[in-house]
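Asks: Please read through the structure below; I'll follow up with questions.
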Amino acid sequence: MKNWQKFASAAVIGAMALAGCSSSSSSSETTGSTAGGESTAAGDASKGSVYYLNFKPEADAAWQEMAKKYSEEKGIDVKVVTAASGNYETTLMSEMGKSGAPTLFQVNGPVGLKNWEDYAYNLYGTPVFDQLTSDDYALYIGDKADNDVAAIAYAIESYGIIVNTELLSKAGYTVDDIKSFEDLKKVADDIQSRKDELGFAAFTSAGMDGSSDWRFKTHLANMPLYFEYQDDGVADKEELAGTYLPNYRQIFDLYVTDSTTPGADLASKTADDSEREFTSGQAVFFQNGSWEYTNLIDNGMTDEQITMIPIYIGAGDEANQGLTTGTENYWVVNKEASADDIAATLEFMDWLVTSEEGTAFMADDLGLTIPFKDAKPSPNVFVQEDIKLTQDGKTPVSWNFTTMPSEEWKNGLGSALTAYAADPTDENWDKVKAAFVDNWKTEKELAQ
């Protein structure tokens, strides 16, 4: 990787050379798969340009608007392309093979970084690195002493079960009635048994369409991983025992049986379907994360109507369990980009995490808690709930799904879960177990 101080000088020389040329190049267009399209704002190409491949479809509109404003104010081309849900890695591979590749992209943790570390510009000592509240939010290549920083976390998020407190109250309960899986099942079963009378179900659809299945093959699957890792005192494993798969089964069963949608119909249900069911008052519970806050508010919900509770699966010390909190959101700067484009990208990143407008965008528009010194506190009620639970002594569940060996492993698990939801037999659950445990070992070996 390049050295930051040497690069800064090279960027200045490069800018001077471009200024002396009679013509300049602009950022090239992309035809990659996108969820929200792309935004390319006009600017001075001699200042370099930014191409950000965004991971979060739900944040596309906010990124497009911000990119336009930034370009108008700074005179620098900013293009944001948003990959379709579940297709980020495929889109990234496609885009990196083109001229005018992304200057800024995302990896989901150490496993994801392995595929892209050869493209990673060394961020050690850059302004955005120096703004981190802790270097624990940086991914290093080799030992920390080598000062080789390949990626930087830009968001700390929480997920759990989002609750419509108004509907819960209409059903005769409050969130104080739910402190364990046993409590959750009791409340959900009761609501579901009265759904025709109440006019709503317990859970939104556990959609297994590619836009939604990550909630269960990745985020929900984190729960049995977390408790197995806790038992063994490790942060990763080459082979799994599957100790908590019965707990995984019982929470997934609850999602399927106490739902707006029969299990046989879940294969085609999307993330939009689930969100729409929640915002329209068709269900009380909705497994999702703090990133969903803005969408809920934009769809007419209020802070007073929503909160978040932990995902209880009947394991561990549930009385002291918090939300599932961590990150899989790491920025990587493409070292193959031009010196001017790298300089423009680093300036853009620094603006996002230090300027008043940038930090307001991250906190208010994206609803993120960012691990940087000048961060603006987020108004996101889910973020505030995580803070409150932690202050009350609850232990956040860590994000261990970043150790999942591959997308192939996740997809195999998702397919098995879809088949099980449609026909919840022991035989089909055995296939889920095989996808979880056997495929884990296979994919870990392939990763080596």
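Asks: Got the relative contact order for the chain handy, in percent, Cα pairs under 8 Å and 6 or more residues apart?
Replies: 22 percent
Asks: Evaluate the Debye formula for region 202-302 with equal point scatterers sitting on the alpha carbons, no solvent, and hand back log10 of I(q)/I(0) at q = 0.14 Å⁻¹, in q order, two decimals.
Replies: Debye curve over Cα of region 202-302, log10 I(q)/I(0) at q = 0.14 Å⁻¹: -0.60.
Asks: List nothing, just return the count: lysine pairs in region 123-205, 8 or more apart or interchain, with Cα separation under 17 Å.
Replies: Counting lysine pairs in region 123-205 gives 4.
Asks: A further question follows. Excluding residues fewer than 8 places away in the same chain, name every one of the lysines whose C-alpha is closer than 22 Å to that of residue 79.
Replies: Partners found: 47, 56, 68, 69, 98, 335.
Asks: Considering only DSSP beta bridges where both residues belong to the chain, give the percentage that are antiparallel (nearest 5).
Replies: 70 percent
Asks: Taking only DSSP H segments of four or more residues, each worth -39500 (n - 2.57), what value at 222 nm results for the chain once the sum is divided by all its residues, to the nearest 500 deg cm²/dmol?
Replies: Result for the chain, helices only: -11500 deg cm²/dmol.
Asks: Select from region 107-197 those GluC sites (Glu not before Pro) which occupy a DSSP coil region and have at most 11 other Cβ atoms within 10 Å, ordered by residue number. Mind dumping the intermediate values first?
Replies: On the way: sites: 117, 157, 166, 182, 197; in loops: none.
Within region 107-197, no GluC sites (Glu not before Pro) qualify (loop, at most 11 other Cβ atoms within 10 Å).
Asks: Quick one: in region 166-240, what % of C-alpha pairs are over 21 Å apart?
Replies: Counting pairs separated by more than 21 Å, the tail of P(r) holds 50 percent.
Asks: Further question on the same structure: Scan region 354-448 for trypsin sites (Lys or Arg not before Pro) in coil per DSSP, keeping those whose Cβ has at most 12 other Cβ atoms within 10 Å, and list them by number.
Replies: Passing both the DSSP loop test and the Cβ count: 373.
Asks: Once amide H atoms are built 1.01 Å from N in the peptide plane, which residues 5 or more positions from residue 205, or in another chain, come under 5 Å H to H?
Replies: Result for residue 205 returns 260.
Asks: Next up: Hey, what's region 186-259 come to in accessible area per residue, 1.4 Å probe, Å²?
Replies: Working: 2650 Å² over 74 residues.
It amounts to 36 Å² per residue over region 186-259.
The values are calculated or read from the model by the stated rules, or taken from the named source; none is laboratory data. Here the structure is a predicted model, which is why all the values come from computation and not from measurement. Every residue, glycine as well, gets a Cβ built from its backbone with ideal geometry; the counts of neighbours run over all protein chains shown. Remember, those area values only see protein heavy atoms, side chains included, never the ligands or the DNA or RNA. Shrake-Rupley method; radii C 1.70, N 1.55, O 1.52, S 1.80 Å.
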